[in-house]
Every structure is written in C-alpha cells, then in structure tokens.
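The values are calculated or read from the model by the stated rules, or taken from the named source; none is laboratory data. In this text the structure is predicted, and so the values were computed from the model without any measurement. Note: ideal-geometry Cβ built from the backbone for every residue, glycine included; neighbour counts use all protein chains shown. Protein only, heavy atoms only, side chains kept; ligands, DNA and RNA dropped before computing areas. Shrake-Rupley method; radii C 1.70, N 1.55, O 1.52, S 1.80 Å.
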Amino acid sequence: VSTQSTGNYFYKIMRITLLLIFYFFSFTLNEVFDCGYKVIPIEFFNDDYCDCYNGEDEPRTSACSPHGIFICEKEYLSLNISSSKINDGICDCCDGRDEQFQSCPDRCEENKLKSIAFLNEVNKIKLEGLKKKKEILEKISFDDEEGLNLDFGDDKRFFYFLKKVYKFHNNYNYNLEFFGDLKQDNTLIGTFKEWQKDYSQALFEGGEACWKGPARSALVKLFCSEINEIKSISEPSKCFYEIDFQTPLVC
C-alpha cells in the first residue's frame with residue numbers, strides 16, 4: 001500500500017471519528033453547516049474535503065470537482081463557476097481568487113462598468129417590450145371559435161401568434177408556427193404540444209425520426225424583446241433542438 005493511500009485512509013478515519021463526536025455531542029446551530037440532508041461541523045466548511053454531495057461546503061476549493069461550485073464574491077453580478085475551474089490556469093473571477101498559483105489582473109471595476117451597461121440595456125429593452133406588448137394586446141380581437149381548445153394564456157396574449165410563421169436561416173431554412181409545426185426545410189421537427197414554465201417555453205414533439213435516432217423534438221425559449229423573431233437555433237443533443245425566440249409578449 002502506498003504512503004499516499006495510507007495517508008488518505010487515516011485522514012478519512014479521522015474525519016469519521018470527528019463526525020461521530022459531533023453527532024454524539026449537541027453542537028449549537030451556529031456551529032454547523034447544513035447540507036440539506038445532513039449537517040456537518042462548521043470546521044468542515046472550506047477545508048478542502050467534499051462532505052456535501054452537491055459541493056455546497058466547498059465554495060472556495062476544488063475538493064468537490066466537478067460537481068461543486070466556487071463563488072466569485074467580488075463580481076458586480078453574481079458569478080459561480082465550477083470547482084473544476086479552480087487553479088486551471090484561466091482567470092475566471094475578476095480578482096483572480098480562483099487562481100492561487102497565477103497572477104491575474106484585477107478586472108473588477110471594468111466588469112462592474114460592463115455589468116451596469118448591460119443592465120441598463122436590459123431595462124431599456126424591457127421598457128420597449130412592455131410598450132410593444134401593450135400595443136399588441138390592444139389590437140387583439142379574440143375569436144373563441146378560431147382558437148377553440150388552444151391555450152393562449154390567462155390574458156389570451158398568445159392569440160397573437162396564431163397562424164403566424166417565423167422564419168430563420170443558418171445552414172437550413174426553419175419555419176416556426178406556434179400552435180402548429182416547426183420545420184427544418186421539409187423535415188418536421190415537431191408539432192406544438194404545450195407551454196411550460198409559466199408560458200416562458202413551448203414544447204414541440206412528434207417530429208420525424210433521425211437516422212438511427214429518436215423522433216425529433218424542440219424546446220422554444222421565449223425572451224423579452226421589442227420584436228418578434230427567432231434569435232438562434234441549436235441542437236444540444238441528437239435530434240433535440242433549442243430555439244431562442246424574442247417577443248414582447250413575455251415582457
């Protein structure tokens with residue numbers, strides 16, 4: 001048995017002994033860390049040993065890699081990175097706290113200014129989207145017979161999508177019709193099935209089968225914008241597509 005293996009063995013025995021002592025003696029609540037399914041002594045927090053299965057006890061070490069998280073605390077907008085990115089030679093946090101053995105430039109003020117500009121742009125888009133949404137809702141003339149058994153949302157705003165086709169081109173030509181079909185050229189990716197996540201996503205299923213693969217399907221994710229258009233299309237897994245769709249209807 002190697003010296004390293006022996007050392008790891010005795011280290012684990014020591015931790016088990018400490019845990020037994022901890023559970024037999026009543027520690028106060030401010031002396032523990034709650035993993036959700038168990039509690040550990042606060043001394044085990046950030047001690048470079050993964051006690052919680054989700055890595056919550058090691059936000060500043062890579063002990064729970066690849067499942068743990070590392071918190072970049074000085075970012076203007078919160079940023080959590082995978083523990084596997086700690087000491088990987090790439091400066092992810094603006095102050096370089098994720099790289100102990102490398103000199104990283106301080107980018108916190110620069111990132112702050114970029115974040116503020118980004119948030120201002122997001123708010124501008126949201127305001128324009130809300131204005132456009134109001135105009136759309138005022139013009140909608142809902143016909144119960146035309147939209148029989150279709151889910152247009154509580155305020156019927158998605159009636160606006162009925163019979164409209166949105167096009168997108170990359171290497172293929174895509175046609176998206178809410179409450180209808182989604183096609184890639186002449187290939188059926190799927191037919192509208194349902195809304196998900198409080199009308200922020202639309203699921204399309206029952207498309208043509210891929211070669212030696214499952215039937216095609218897609219998830220259309222809706223984002224606030226002042227215009228209605230397909231922003232991007234990707235295929236994260238075989239025969240499954242993700243589409244980012246911008247619309248004022250979710251502002």
| task | Please give, to one decimal in nm, the separation of the simple spin-label points placed at Lys231 and Leu188, each 7 Å out from Cα toward the Cβ. | result | 3.0
| task | Whole number in Å², please: accessible area per residue of the range 138-245, 1.4 Å probe, ligands, DNA and RNA not counted. | result | 59
| Accessible-area composition of the range 105-241, carbon plus sulfur, in percent [1.4 Å probe] | 49
| field | Accessible area per residue in Å² at 1.4 Å probe, computed on the range 30-119 | value | 58
| request: Sticking with the crude label model, points 7 Å out along Cα→Cβ, report the distance from Asp244 to Asn170 in nm, one decimal please. | output: 1.1
| request: Assuming a ≥ b ≥ c are the square roots of the Cα gyration tensor eigenvalues, decide whether the range 97-228 counts as rounded (a/c under 1.5), prolate (otherwise, with a/b larger than b/c) or oblate. | output: oblate
| note | Under the rule rounded for a/c under 1.5, else prolate if a/b exceeds b/c, else oblate, using alpha carbon gyration tensor axes a ≥ b ≥ c, the range 47-137 is classed as oblate
| task | Sort Phe240, Phe245 from largest to smallest accessible area, using a 1.4 Å probe on the heavy atoms of the protein chains. | result | Phe240, Phe245
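At 0.36 nm per residue, and after removing the present C-alpha to C-alpha distance, how many nm does the segment from Ser115 to Ser103 gain when stretched out fully?
2.0 nm
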| remark: HN-Hα couplings for the range 106-113 via Karplus (6.51, -1.76, 1.60; θ = phi - 60°), in whole Hz with x for Gly/Pro, come out as 7, 10, 5, 5, 4, 5, 4, 4
| Which percent, to the nearest 5, of DSSP beta bridges fully inside the range 209-251 are antiparallel? | 45
| query | Near Lys156, which lysines are there with a Cα under 23 Å away, not counting those fewer than 8 places off in the same chain? | reply | Lys126, Lys131, Lys132, Lys133, Lys134, Lys139, Lys164, Lys193, Lys197, Lys221
| Approximate spin-label separation Lys38-Ile90, in nm, with each point projected 7 Å along Cα-to-Cβ | 3.3
| task | Would you kindly find the accessible area of Asp198, with a 1.4 Å probe and non-protein molecules such as ligands, DNA and RNA excluded, rounding to the nearest 10 Å²? | result | 140
